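Here's the structure we're looking at; comments come further down.
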Amino acid sequence: MITKSKNSRLLMFVVGALAVISSVRLWTGQDALTSSSTIGTALRLTVPILLAGMAGLWAERCGVLNIGIEGMMIFGTWFGAWGAWQSGPWVGLVLAILGGMLGGLIHAVATVRFNIDQVISGVVINLLAFFGVRYLSDLVYVGKPGGGISQSPPQKWALPRFNLPILSGGEVAGWKSPDVLGRLETNRWFIIGDFGGITRGLTSDLSWATVIAIAVVPLSAWLLWRTRFGLRLRSSGESPVAAESLGIKVNHLRYYGLLISGGLAGLAGGTLSIVASSYYRQGQTAGRGFIGLATMIFGNWRPSGVLTGAMLFGYAEGIKLVASDSITALFLFIAAVSVMFFVLAVLRRKRTQIFVALGVFVLSAVAYRTIDTVPESLTQSLPYVVTIVVLATANQRLRPPAMAGVPFRPGEPH
Amino acid sequence: MQAGSAKSSQTLSAESANIVELKNISKSFPGVIANRDISLQVARATIHAIVGENGAGKSTLMKILYGLHQPDSGTISVNGYVTQFKSPSEAIAAGVGMVHQHFMLADNLTVLENIILGSEPTKIGVLSLGDARKQVKEIATSIGVEIDLDLPISELGVGQRQRVEILKVLFRGAEILVLDEPTAVLVPQEVDELFTNLRKLVATGTTIIFISHKLDEVLAVSDEITVIRQGSTVATVLPKSVDRLKLAEMMVGSDLPSHGKRTTKVGATIQLAAHNLTVLGKDNKNPVQNVSFNVAEGEIVGIAGVDGNGQFELCEALLGLVASQGTIEISGTDVSKLSIRERLKKGLAYIPFDRQREGLMLGASLWENSLLGHEQQLSRGPMIDLAAAKNSCREIIERFGVTTPNELVPAFVLSGGNQQKLVVGRNLATAPKILIAAHPTRGIDVGAQAAVWEEIRRSRDAGMSVLLVSADLEEVLGLSDRILVMFDGEIAAELDPKSATPQILGKYMTGTR
C-alpha cells in the first residue's frame, strides 16, 4: 500500500513538472528546453558527474573523505586515453578504472594504514595526479602525431552508439524500427511533445559507457543495502568502534571502499577522455570531481539522490552547451516552480518556506522580464550556482555517515 | 598439542560448574597497569557482579574476556576450555557477548541492521532480512522486549538502545552476557525493567557478568560479587554476607566518609537567580521553557532529571553558551547580556556534562588542561608562566587526589574518575562564588565520588552556591538543600530532599506524576 501511494505521488510529481516546463516552452517558444538533443547532451554530461558522486558516496560510506576524486579522475582520463589509443575503447575503460583504483589505493594506504589526515591526503592526490600525468605525457605522448605534453594522440576507434529499437528508431538485425518517441517529439504538443523529447533524449544515441554508468546506481544501492558486504561497509562509516566490537575488520572494508571509490572516479575520467571526446587533454576533468562531491551531499549520501543531483547539474550544463539563449526561459521555469512551492507552503503553513518561495519567484520573474541575453561567463557558472544554492538549502535534512572523516585505529582503548 | 588437550579436558572435569574462569590475568597499557594478577570464577546461569572503583580495571578485564584486548599473561577458560581470544569475533563464537558502557551502536543504521551486523544471515552474501527479522522478533518476545526494528537508532531513547544492545548480543547466541555499567544511564523504572529482563535470561540458562559501582543494585540483583581494587581481586563474596558499607570499604580499601548532616546554614543573599528563562528550540519545541529559580549563598540546589529534558540547555544558557530569553542574575546584577568571560569573572564556574568532550583536551598534558580558563593568572605578559602553571596543576593533583604519574602525561591516560577529579579541581581551585556542576560524579567510582562530594561540601560551607545537575538520585538526595525536577524543559516539581525518595523523584522525572 505504502509503495503504491509513493509511486502515485512520484507520478503526479513527474506529470506536474512536465506540465510546468511544457507551459514555459510553449510560452517562450524555446523548444530546446526539452528537445532530445538537449536531453541527450545533458545525459552525456551527467555521466562523469554521476560517477564522481558515486565515488564520493562509496568513500564516505566506508568512513573516509575523498577530496582526491578529481585526481583519481585525472588518472582515469590519462590511463583511459592511453589504453584506448593503444588497444581500443574497451581496454581504455578498463585501464581508466585501474588508474583510478591506483589513486584510491594511495589514498587508502595514506589514510587507513598511516593515518594521514584525509583531507591532506586527498589534496596531495589531486596535485600528484595533475603533475604525474603531465610527466607521463612527456614520456609517452610528446613526439607522437597529434600528441604533446598536454594532450594525447587521437584515438582511432570510438565506442559504438545505439538507439533503442521501436522507441527511438534503433536497428534490430538490419531492420530499421520505427522512431515512436521521435514522432511524439516533432509534433510539439503540450506535455506529449516534451515527454517525447525527454525520453527520446534518454534512449537515443546511447553509448554503452552511459548504460554502465547508470547501472552503477542500482548496483551500488543493492550492494550497500542488501548485502553483508554493504552493511559492514556502511557500519565502518557510521560507527567503526561498534563494527570492530562485533569482529568486523573496519580497515579492510575501508580499503575495499576506497578501491571501489577510486575505480568509479577512474571510470568517470575514462568517460571524459574516451566517450565524451577521443583524446586526453590536460584539465579535461574541469572540477567535475568536486561537483561530484556536491551531488553526493545534495543526494544525502544515497545513490538515487546522487543520480538526481547529477542529472540536475548535467541538465544545467547541457542547456548551456546546446542552447544558451534558452537560459532566460529557465528563469520563467524557476518562477513557475516557486509558485507551486508557494501554494504548498501556504497549505502547510510553513512561514519560512512561504517567504523563500515568494523571494525566489520575485527574483526569477524580474530576471525573466529584464534579462535578454545572459553573458557567457554567467551561463558557464550556472552549475556552480546551482551547487551553492542546493547546498545552502538542503543543509538541514542531510544525514551523512556519522564517522566519515574520522580516523580509526583498531585495538586502542576507547 | 597432546599435552595441551589433556590439560584442557582435565580442567573441564575439575571445574565444569564454572562457565568462565580467568586466572592470573595481567595487562598494562603505556604508563598504566590496568590488571594485575586478577582471577575470577563465574558459575553457570548466575548473575555475577564485578564491582570496583573506576580505573580499578573492571572494564579492561571484561574487554580481555571479550577479545578486544589481549592479556600480557594469564589464562581464560570458557566452558572449561582454555582459550585465547584474538578478536571479538572469536569471543562471540565461544558464546561471549558484551554490552558496552558507551553503547556500540551506529546511529544512522536501523535497529535490525545494528542487531545483525557482524553475524548477518545471508544467502551467498545477500542479506536475508526476512529471516533476520523473524529471528530477532522471537528473541525479543522471549525476554519480553518490544521494539520497532525499522527505526534508526538515533530515534530511540537510552533504555531502548540498551535493549538493542542486549538483543544484539543474544542474536549471536551468547551464553555469557557481559554488561558494563548497564544502569548508569537509566532511571529507576528502567532499571527495574532491565533487571526483570535479566532474571528471565538467567532462567533460560544464560550467565550474566554485571559490572557496576552502584552497590545497592549489585546487592539486590547478583548471586555473587567479586570486588576489584587497583587492578587486583580483593575477594568474591555472597550478597547475603555483606552490606553496602562493607562492600564500599572493600572497593576503596579504607573507611569512607559518610553522608554527614550539614552543620552550616544556608545564607540569606541570593547569588544566582534565573527569571522566566527560555531557550528557543529549532522546531516549535523549546528545550527550556519559563524556568525560574534562585540559589542562595552556601546553598546546593539539585536539578534532577532524565538526560535530554533541558538541563544541558539550561546550563549552557546560564553560562552564555546559547542565547536565551528572560533574565539571569549573579549577586543581584543582570548578566544576561554579558559575554561568557565576563560571567566567569563574576565568579561563575562550570563542571560540564561530558568531561571528555567539553571538559578536557584529551591529547594535551594535565598541566595544560588545568591551565584552561586561568591563563591570565598564570602568565607573565603574553607568555605562559610554565613553572607556575605546572605548579598549580601539581597542587590540584595533590589536593584532589588525582592518580597520575605526573602532570606531564596527556589527559587520555587517566581513568574517567581521575579525569573528573582534575576538571572539578580546576574549577574549585580558584574558589568561585557559584558552581554549576553537571553530573559531577557520572561514571566515577565511590572513592572519587566521595572526594568530589567532600570538596563540593567544603566549598559550600565556605559560602559557594551550587547548582547541581544530576541523574544520580543518591547524589541529588544526599547533597542538595532543595531539589528541582526538570521534565520536558520545565520545572515539574520542587521537593525537599528530607522527604523525597528515589521513587517519587523517578515519577516526576519520567512525567508520570
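The values are calculated or read from the model by the stated rules, or taken from the named source; none is laboratory data. Because the structure is a prediction, the values reported are computed rather than measured. Because the Cβ atoms are built from the backbone with ideal geometry, glycine has one as well, and the counts that use them run over all protein chains shown. Please note that ligands, DNA and RNA were not included when accessible areas were found on the heavy atoms of the full protein model with its side chains. Shrake-Rupley method; radii C 1.70, N 1.55, O 1.52, S 1.80 Å.
Relative contact order of chain A, taken over Cα pairs closer than 8 Å and 6 or more residues apart, is 29 percent.
The candidates B:Val158, A:Val140, B:Val452, arranged from most to least accessible area with a 1.4 Å probe in the full protein assembly, appear as B:Val158, A:Val140, B:Val452. Residues whose amide H comes within less than 5 Å of that of B:Ile50, counting only those at least five positions distant or on another chain, are B:Phe210, B:Ile211, B:Ser212, B:Thr226 (H built at 1.01 Å from N in the peptide plane). The GNM of chain A, with springs linking C-alpha atoms under 10 angstrom apart, assigns the highest mean-square fluctuation among A:Arg25, A:Arg281, A:Arg369 to A:Arg369.
For the listed residue pairs B:Lys27/B:Lys200; B:Lys337/B:Lys421; B:Lys168/B:Lys200, the alpha carbons are over 23 angstrom apart in B:Lys27/B:Lys200; B:Lys337/B:Lys421.
Considering only A:Ile49, B:Thr60, B:Gln160, the residue lying farthest towards the positive end of the dipole of the protein assembly as shown is A:Ile49, judged by Cα position with unit charges set on Cβ.
Translational diffusion of chain A was estimated from the Stokes-Einstein equation, with Rh taken as the Kirkwood radius over Cα pairs; at 37 °C and 0.692 mPa s the coefficient is 144 µm²/s.
For the stretch A:235-278, a drop of 50 Å² or more in accessible area on going from the chain alone to the assembled protein chains (1.4 Å probe) is found at A:Glu238, A:Ser245, A:Leu246. In the context of the full protein assembly, A:Tyr256 retains an accessible surface of approximately 120 Å², using a probe radius of 1.4 Å and ignoring ligands and nucleic acids.
Helices assigned as whole DSSP H runs in chain A whose Cα atoms extend at least 20 Å along their own long axis and whose mean Kyte-Doolittle hydropathy is 0.0 or higher are found at A:2-28, A:36-61, A:69-87, A:89-108, A:118-140, A:208-226, A:250-270, A:303-322, A:327-348, A:351-370, A:376-394. With all protein chains in place and a 1.4 Å probe, the accessible surface of the protein assembly as shown carries 60 percent carbon and sulfur. Think of it as helices only: each DSSP H run of n ≥ 4 in the protein assembly as shown is worth -39500 (n - 2.57), and spread over all residues that comes to -16000 deg cm²/dmol at 222 nm. Distance between the C-alpha centres of the stretch B:429-448 and the stretch B:486-513: 22 Å, rounded to the whole angstrom. Close amide H contacts of B:Thr122 (hydrogens built in the peptide plane, cut-off under 5 Å, sequence separation of 5 or more or a different chain): B:Ser128. Surface exposure of the protein assembly as shown, expressed per residue as accessible area with a 1.4 Å probe, stands at 45 Å².
A simple charge model with +1 on the Cβ of Lys and Arg, -1 on the Cβ of Asp and Glu and nothing else charged puts the dipole of chain B at about 620 debye relative to its Cα centre. Along the axis of the charge dipole computed for the protein assembly as shown (Cβ charges of +1 for Lys and Arg, -1 for Asp and Glu, origin at the Cα centre), the listed residues A:Phe408, A:Gly305, B:Ala203 are led at the positive end by A:Gly305.
Ranking B:Ser370, B:Leu428, B:Pro410 by Cα position along the charge dipole of the stretch B:355-431, where only Lys, Arg, Asp and Glu carry charges on their C-beta atoms, puts B:Leu428 farthest toward the positive end.
A Cβ-based charge dipole, computed about the Cα centre of chain A with Lys and Arg at +1 and Asp and Glu at -1, lands at about 1100 debye. Couplings 3J(HN,Hα) for the stretch B:379-392, derived from phi with the Karplus relation 6.51 cos²θ - 1.76 cosθ + 1.60 (θ = phi - 60°), are 10, 10, x, x, 9, 6, 7, 4, 4, 5, 4, 5, 5, 5 Hz, where x marks Gly and Pro.
Which one of A:Thr38, A:Thr186, A:Thr199 has the biggest mean-square fluctuation once chain A is modelled by GNM with Cα springs under 10 Å? Largest GNM mean-square fluctuation: A:Thr186. Each part reduced to its alpha carbon centroid, the stretch B:42-101 and the stretch B:115-159 end up 25 Å apart.
Here the dipole of the protein assembly as shown is about 1800 debye; that uses its Cα centre as origin and unit charges on the Cβ of Lys and Arg (positive) and Asp and Glu (negative). Pairing chain A with chain B buries about 2300 Å² of accessible area. This figure sums both sides and uses a 1.4 Å probe. Can you give me the Cα centroid spacing of the stretch A:134-192 and the stretch A:258-334 in angstrom? First find each Cα centre; the distance between them is then 17 Å. Amide hydrogen proximity for B:Val288: with H placed 1.01 Å from N in the peptide plane, the residues at 5 or more positions away or on another chain lying under 5 Å are B:Val279.
Note on chain A: GNM, Cα springs under 10 Å; of A:Ile334, A:Ile74, A:Ile354, the largest mean-square fluctuation is that of A:Ile354. With axes computed from alpha carbons, what is the tilt in degrees of helix B:416-428 against the longest principal axis of chain B, rounded to the nearest 10 within 0 to 90? Approximately 0 degrees, to the nearest 10. Solvent-accessible area of A:Thr308, all protein chains in place: 70 Å² (probe radius 1.4 Å, heavy atoms, ligands and nucleic acids excluded).
Looking at the stretch B:110-128, which residues lose a minimum of 10 Å² of accessible area between their chain alone and all protein chains in place, measuring with a 1.4 Å probe and not counting ligands or nucleic acids? For the stretch B:110-128, once contacts with the other chains are taken into account, B:Glu113, B:Leu117, B:Gly118, B:Glu120, B:Thr122, B:Gly125, B:Val126, B:Leu127 lose 10 Å² or more.
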